[in-house]
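This report refers to the structure that appears directly beneath it.
The values are calculated or read from the model by the stated rules, or taken from the named source; none is laboratory data. These numbers come from a predicted model, not from an experiment. Note: ideal-geometry Cβ built from the backbone for every residue, glycine included; neighbour counts use all protein chains shown. Each accessible area value is taken on the protein alone, full model and side chains, heavy atoms only, with ligands, DNA and RNA left out. Shrake-Rupley method; radii C 1.70, N 1.55, O 1.52, S 1.80 Å.
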Amino acid sequence: KTLIPPELQSAVHKLIHLLFSYFSPYRYYEITEIDGVNTNELYHAVQLYLSSSASSATLNRLSLTRGLNSSTITFGLANNARLSDVFNGVSVVWEHIVAPRQSSSGRRFPEEKRSFTLRINRRDKRFIINDYLDFISRKADEIKRNNKDRLLYINSRGWWESVPFKHPSTFETLAMDPAMKTEIKTDLRDFADGQAFYKRTGRAWKRGYLLYGPPGTGKSSMIAAIANFLEYDIYDLELSEVKANSELRKLLMKTTTKSIIVIEDIDCSINLTNRKKPTVSKQRTSGSTDGDLDFKSSPVEPAAFADSESNEGSTSVTLSGLLNFTDGIWSCCGSERIFVFTTNHIEKLDQALLRSGRMDKHIFMSYCSFPALKILLKNYLGCDADAGDIVPEVLEGLEAEIDGAEMTPADIAEVLIKNRRDNSRALTELLAAMKGRSETKSPVNLLCRRLAAEEVAEEKRALNSPKEVDGAAIGGGADLEYTKEWKD
Ligand SMILES: Nc1ncnc2c1ncn2[C@@H]1O[C@H](COP(=O)(O)OP(=O)(O)OP(=O)(O)O)[C@@H](O)[C@H]1O
Ligand SMILES: [Mg+2]
């Protein structure tokens, strides 16, 4: 029987352990999956990072995971598996430890306690630890982006919900002037590679695009093409779902970097003529200014003002809130973001939205031009006009008619899809359609077409108009005002 009391035993153990760790050439870091009650981002970053090297390593035991809706499989370290890594010439060893969790810790946690242990040579530790962990986080972000299919987020009740984004539109399939296309692509590339530039110039790393033009000219397709080109996620912001400026701000804060934030049909999503809620507007008129408001410029200000007043108590996003959304000091709490607004009626937008520096690039998506038509013919019919796939007379006919016909790429696509089994018929029908359009360009017909287009816009506005509350539509008066202005 041993005569040493248990207290002394444990003290001796501790001492030995201390001495051992003091003289040990290594330093150990433990990264647990759950830190207190929160999940530890670093654990997941390490897991992803190691999974990218683990797949190539000669480990004989790996764990495999596949995310929901994801097409990729991730390799991970199994229990007690070890992996060595080299960073800046320093070797380190990772170990994955899975231990059963004591039952007392509650049901909120996983059954197992998982952690990574990083072993670094004592003398190397201070040279690398921060850089190494930074590197791992960045690498993990990169892997996440490559692994997952990109996402399309939609806001609903103050949250973003995501679905995999699979829109096939690319700059190759987009029918538009090639020079303009190149310009936009260069602009986007410069933006994505521009970290140093934005830092040097003290600008927030974001860019605004305003796409405008008639319906069916490819504005939405362009957004998808941008997302596919830069491999960014898309946040499609439905303004009528947002109840207040503060909610808008929260939504923005929850967006990730490398993303495109889209507001479609900005002219009808919201009553943008009153820039502040009435209470604040009053303050403004009594002398307070915040620099960027040109309240007077708003053409329907008095009515909008009165309207908002009648709806006091109900909240909705104001133009000022929206401008802060894109420009505010917190709009850069995440970087590398592109804001895209679309509209069919640029002339209806408030000057404040258009002033330089706000939307960096205004892109006019117009009726189909001849160069754009050639792209459509190639995509839909497989005919390369420049390689002589099309009879010269037909091609010349198309060239002569296209500008006068004022057809949108969507109009043309429709004719081509309908006849896609028979190229020559498609071309003849297209030519006929163009001629028909040109001939019907008498003033009466033009008026009819304009009215039809306005009807579409009207429908959009109706769809987008703020929700009914207690039987009265928020901003209903403003809508009336809008209609009046529209008819003028
Ligand atoms: N420039 C284009 N290049 C290729 N396809 C186009 C183009 N414009 C329109 N289309 C086709 O027409 C359809 C409608 O286009 P899209 O939704 O992009 O138009 P839009 O400009 O966003 O219209 P709206 O103003 O009504 O939102 C798409 O399915 C697309 O395939
Ligand atoms: Mg659209």
Output the pairs from 144/181; 166/361; 206/254; 206/250; 144/254; 185/206 with a Cα-Cα distance over 20 Å in this structure; if there are none, say none.
144/181; 166/361
Could you sort 94, 160 by their accessible area in this structure, using a 1.4 Å probe and putting the largest first?
160, 94
Heavy atoms of residue 229 accessible to a 1.4 Å probe, total area in Å² rounded to 10
60 Å²
Ordering 348, 418, 243 by accessible area with a probe of 1.4 Å, largest first, what comes out?
418, 243, 348
Taking the Cα-to-Cβ direction at residue 389 and at residue 435 and moving 7 Å from each Cα, how far apart do the two end points lie in nm?
2.4 nm
Going by Cα centres, the stretch 335-373 and the stretch 179-227 are how many Å apart?
10 Å
